[in-house]
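The block underneath contains the structure these notes are about, expressed in structure tokens.
The values are calculated or read from the model by the stated rules, or taken from the named source; none is laboratory data. Remember, predicted model here, so these are calculated numbers, not experimental data. Neighbour counts are summed over all protein chains in view; Cβ atoms, including those assigned to glycine, are modelled from backbone coordinates with ideal geometry.
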Amino acid sequence: MPKFDTFTYTDTNLQPDTRYCYQIETYNDEGARRSQLLCTYTHDGNAIPVWRLQLRVKVANLANAGSDNPLRVMVANNGQYLPTETILDYGQDDFERNSDFTYDLNFDDIHELSDITDLRIINYGNDQDDLYISELSLLVNQHEAFRRNFGVTNSSVLKLGYYGSFSVEHAELRSDPTWQAFVASSRNDRFFNVPPVSISDNGQFQVVISREQIASRIESLMGHLLHADSELRGRFKWGF
Ligand SMILES: [Ca+2]
Ligand SMILES: [Ca+2]
């Protein structure tokens, strides 16, 4: 296309849940120039809603397995949006040896299941404090949608050193048996992804948010902001 023109292009006949990359070439009398590649994924066509996203972390029962560092979690790095990030730090002693805890995650730009294109966790802190993980699960709508079991021995557990990270890319996520079972249940059971509801006095459906859920989501958001918000960072910490 000529420089300084604007245009719209709609690609058609795309495959579902597939990564596509685009590049624009502009030109004038002096030659042509290409943009960077911009990539994103198509939706899978199932339109499975997401109303809660959680990460379960089981810390290994081994010496030095626990960590005082927060865990940075990034999902949906699909190229269209920045990854949706949560820095996990609840008002408790997190990631203690042999602990098993489920954290809420932010899901701002995740509207449906297939927006979850990848998962990445990072041992995020200033201290050289390794974290050893035995099991990881991603929960969507309070059901397990991905699981990785690293076993319990020193040679098998996932070891996250100083800023060490673990990533699950698109193909691995989609081929995970837990993911496939989640999608199958979503397609076969129309109530599988419906949040708890009750009927109000005037006959309307109301979504029921449990005290556990509201407390956990606020605790997750506050812990995230203590690290992510420049106004709060370093000025506040949880007391316990
Ligand atoms: Ca904490
Ligand atoms: Ca440690």
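Just a few scattered comments:
- Qualifying residue in the stretch 188-199 (condition: in a loop (DSSP other than H, G, I, E, B), touching a Phe, Trp or Tyr at 6+ places or on another chain (Cβ under 6 Å), away from ligand 2 (no atom under 16 Å from the Cβ) and in contact (Cβ under 8 Å) with a residue 60 or more places away in the chain): yes
- Failed condition for residue 131, given (1) more than 16 Å from ligand 1 (Cβ to nearest atom); (2) of a type in the set (A, V, I, L, M); (3) touching a Phe, Trp or Tyr at 6+ places or on another chain (Cβ under 9 Å): (1)
- For the stretch 1-20, the set of residues classified as part of a strand (DSSP E or B) and free of Cβ contacts under 8 Å to residues at least 40 places away in the same chain consists of 2, 20, listed by residue number.
- If you go through the stretch 191-240 and keep only what is away from ligand 1 (no atom under 16 Å from the Cβ), loosely packed, with under 12 Cβ neighbours inside 10 Å, under 24 Å from the mean Cα position of the chain (by Cα) and more than 21 Å from residue 126 (Cα to Cα), you end up with 191, 196, 207, 208, 210, 211, 212, 214.
- Checked against (1) at positive phi; (2) assigned by TED's automatic domain parsing to the domain that holds residue 87, residue 145 meets all criteria but (1).
- Meets criteria (at pLDDT below 95 and either charged (D, E, K, R) or surrounded by 16 or more Cβ atoms within 10 Å (Cβ to Cβ) (or both)) for residue 174: no
- Within the stretch 70-90, restricting attention to residues that are modelled with pLDDT of 95 or more and part of a loop (DSSP other than H, G, I, E, B), the residue that is nearest to ligand 2 (Cβ to nearest atom) is 70.
- Output for the stretch 97-120, where each listed residue is under 12 Å from the mean Cα position of the chain (by Cα), in a strand (DSSP E or B) and either within 16 Å of ligand 1 (Cβ to nearest atom) or in the same structural domain as residue 17 (by TED's automatic domain parsing) (or both): 103, 104
- Hey, residue 39 in contact with a Gly (Cβ under 7 Å, 6 or more places away or on another chain) and in a strand (DSSP E or B) or not: yes
- Residues (more than 8 Å from ligand 2 (Cβ to nearest atom) and not small (Gly, Ala, Ser)) located in the stretch 54-67: 54, 55, 56, 57, 58, 59, 61, 62
- Qualifying residue in the stretch 71-93 (condition: in contact with a Cys (Cβ under 8 Å, 6 or more places away or on another chain) and surrounded by fewer than 19 Cβ atoms within 10 Å (Cβ to Cβ)): yes
- Between 28, 61, the distinction of being more than 14 Å from ligand 1 (Cβ to nearest atom) and not assigned by TED's automatic domain parsing to the domain that holds residue 149 belongs to 28 only.
- Within the stretch 42-60, the set of residues being outside any loop (DSSP other than H, G, I, E, B) and either of a type in the set (Lys, Arg) or in contact with a helix residue (DSSP H, G or I) (Cβ under 9 Å, 6 or more places away or on another chain) (or both) comprises 49, 54, 56, 58.
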